């Protein structure tokens, strides 16, 4: 782990209110900025192909389980943004779109960390607590990979970013699906 990510993760532990406040800050951009073609999903920056538009995370505090937010919603948001990221990360003209997909995935991951995975039959007490902690740990591991990915994209290291996406990020996804999808 790079020192910058370690510092970021250390700061996250001491300033969750700041993070939540930034995440909850209202967006003041119009739904369809000037130059965005009609029919383009809201939040799509001008010049970004519609199929690469990030899916906005829910407007909820990431540290609290919220009524109405379902894990399936979180996973769908991660899946769609991962697709958009994979389509845009190696194209220098779409670098901004790739960063937006990473930011959306980070937001979805923060929202998902506070949720509980589907409970397997017969799992109770300490075993259930360990299962839920394992889920949250996997979400934290994803957040670390997304932070490293963001740094690689910002540095213009598209080959390294692509390797991370097709390597560790996909590995984490497959491992989590094996453990938590029933």
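Computed from the coordinates by the stated procedures, all read-outs in this text should not be read as laboratory data. What you see is a predicted model, and the numbers here were worked out from it, not measured in a lab. Note that each Cβ is placed from the backbone with ideal geometry, even for glycine, and that neighbours are counted across all protein chains shown.
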Ordering of 139-152, 157-170 by packing [mean C-beta count within 10 Å, highest first]: 139-152, 157-170
Amide N of the stretch 160-177 lying under 20 Å from the label point, which is placed 7 angstrom from the Cα of residue 130 along Cα→Cβ: 175-177
Net length gained if the chain between residue 168 and residue 70 were fully extended (0.36 nm per residue, minus Cα distance): 32.8 nm
Diffusion constant of the stretch 70-182 at 37 °C, which comes from Stokes-Einstein with the Kirkwood Cα-pair radius and 0.692 mPa s, µm²/s: 225
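Rank the residues 180, 135 as a footprinting-exposure proxy: fewest other Cβ atoms within 10 Å of their Cβ go first.
Listing 180, 135 from fewest to most nearby Cβ atoms yields 180, 135.
For the stretch 70-182, what is the relative contact order in percent, using Cα pairs closer than 8 Å and at least 6 residues apart in sequence?
Working: 93 pairs, mean separation 33.6, N = 113.
Relative contact order comes out at 30 percent.
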